[in-house]
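Notes for the one structure printed next.
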Amino acid sequence: MDNQENQTIIDENQIIIDEEFKCLLPELDKETYSALEENLLLNGCRDAIVLWNGILIDGHNRYGICLEHDIPFNTVDKEFGSREEVLIWIISNQVSRRNLSQIQLSHYRGLHYRADKKLQGANNQNVQNSEKRQSDVFPKNQSTAKRLSEKYRVSPRTIDRDAKLAAAIDAIGEKSPEAKRKILSGELMINKGDLERMAYGSQEEIFELAARIEEGTYKKENLKEPVDIPPLETEIIKMAESFYSGLRKLTKSSDNTEIKAVLRAHIDQLEELYRQM
């Protein structure tokens with residue numbers, strides 16, 4: 001259960017700024033920031049700053065303004081079992097609160113997917129402590145992409161693509177935080193397909209792209225050449241296309257025998273691919 005006890009923070013050093021959490025928050029434009037500053041100066045800080053183990057996880061702008069103008073504020077501590085749970089909480093807050101761009105939404109959904117996968121993997125390694133959580137948070141027989149597609153009301157395929165986009169944006173951000181900021185703020189117009197393909201790009205290609213974005217020399221046409229997809233994923237894509245093609249050939253009068261034949265052919269292929277991995 002979350003600890004709802006508020007406490008007044010006097011020494012700013014008691015609060016830790018985590019750059020990964022801070023970078024999840026879209027940068028406020030000057031007009032919005034000024035309006036928030038004016039409101040805090042006039043009415044004080046009415047909403048508590050949210051912390052997790054002393055780390056600021058919600059209220060970064062309010063916190064900064066309060067420090068600058070010596071405005072008193074309260075804090076509330078929340079309990080989470082891991083950084084991934086904190087990431088998911090921050091993402092859910094941002095998606096529900098803000099009018100986000102398509103790239104920002106895709107980035108958040110992709111981060112949510114990756115955090116869920118990591119959290120689920122950690123839970124699978126600790127069966128005794130995670131048995132109830134897996135049944136409640138990670139329903140059996142339902143993929144992460146499927147579950148998040150229902151939450152965000154998009155297709156599972158979109159969630160998979162969002163994960164690739166988020167990976168590419170974060171890889172760019174490792175080389176150049178400024179390039180990442182330009183992408184997520186909308187200051188730079190970049191094709192989502194180009195970003196998704198960068199998930200398969202080499203470090204050199206990603207670093208080159210980040211440098212062009214930071215320098216202001218990037219143009220959309222620079223990424224026209226497709227990046228090679230790994231052989232394993234190529235094989236899976238071909239298999240999926242073949243499967244859908246087989247289903248489309250079935251007629252309304254097709255009986256279970258014909259449907260089973262299509263399924264069995266691809267089950268056999270998948271099992272053979274699985275054995276080769």
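Looking at segment 9-59, the trypsin sites (Lys or Arg not before Pro) that sit in a DSSP loop and have at most 12 other Cβ atoms within 10 Å of their own Cβ are Arg46.
Annotation: amide H-H contacts under 5 Å for Ile55 (H modelled 1.01 Å from N, sequence separation of 5 or more, or interchain): Ile16. Each residue, Ser101 and Gln14, gets one label point 7 Å from its Cα in the Cβ direction; the gap between the two is 3.8 nm. The largest accessible area among Leu28, Leu209 belongs to the first residue in Leu28, Leu209, and the rest follow in falling order (1.4 Å probe, all chains).
Here the Karplus curve 6.51 cos²θ - 1.76 cosθ + 1.60, taken at θ = phi - 60°, turns the phi angles of segment 15-23 into couplings of 10, 9, 9, 9, 5, 5, 5, 4, 5 Hz, with x standing for Gly and Pro.
Between Cys23 and Ala240, the distance separating the two model label sites (each 7 Å from Cα on the Cα→Cβ line) works out to 2.8 nm. Amide H of Asp77 versus every other amide H placed in the peptide plane: which residues, excluding those fewer than 5 positions away on the same chain, fall under 5 Å? So Asp77 has HN proximity to Glu5, Leu51.
What is the calculated FRET efficiency for Leu41 to Gln120, with r their C-beta to C-beta distance and R₀ = 45 Å, to the nearest 0.05? Present the calculation step by step, with values, prior to reporting the outcome.
Details: r = 45 Å, r/R0 = 0.99.
Working from the Cβ atoms, E equals 0.50.
Taking all protein chains as they are arranged and a probe of 1.4 Å, the heavy atoms of Thr257 leave approximately 100 Å² accessible to solvent. Placing a pseudo-label 7 Å from each Cα along the Cα-to-Cβ vector at Gln203 and Lys78 gives an inter-label distance of 3.5 nm. In this structure, the pairs whose alpha-carbon distance is over 29 Å, taken from Lys22/Lys164; Lys78/Lys182; Lys117/Lys260; Lys151/Lys192, are Lys78/Lys182; Lys117/Lys260.
Between Glu174 and Leu270, take the C-beta separation as r, use R0 = 35 Å, and let me know the FRET efficiency to the nearest 0.05. Don't jump to the answer; show the numbers that get you there.
Values: r = 34 Å, r/R0 = 0.98.
Taking R0 as 35 Å, the efficiency between Glu174 and Leu270 is 0.50.
Residue-wise HN-Hα couplings along segment 54-68, as the Karplus relation 6.51 cos²θ - 1.76 cosθ + 1.60 with θ = phi - 60° gives them from phi, are x, 9, 6, 10, 7, x, 4, 5, 4, 4, x, 5, 4, 5, 5 Hz; Gly and Pro carry x.
The values are calculated or read from the model by the stated rules, or taken from the named source; none is laboratory data. Everything quoted here is computed from the prediction, not taken from an experiment. For neighbour counting, all protein chains shown are included, and Cβ atoms are generated from backbone atoms with ideal geometry for every residue, glycine included. Areas reflect the complete protein model, heavy atoms only, side chains present, ligands, DNA and RNA absent. Shrake-Rupley method; radii C 1.70, N 1.55, O 1.52, S 1.80 Å.
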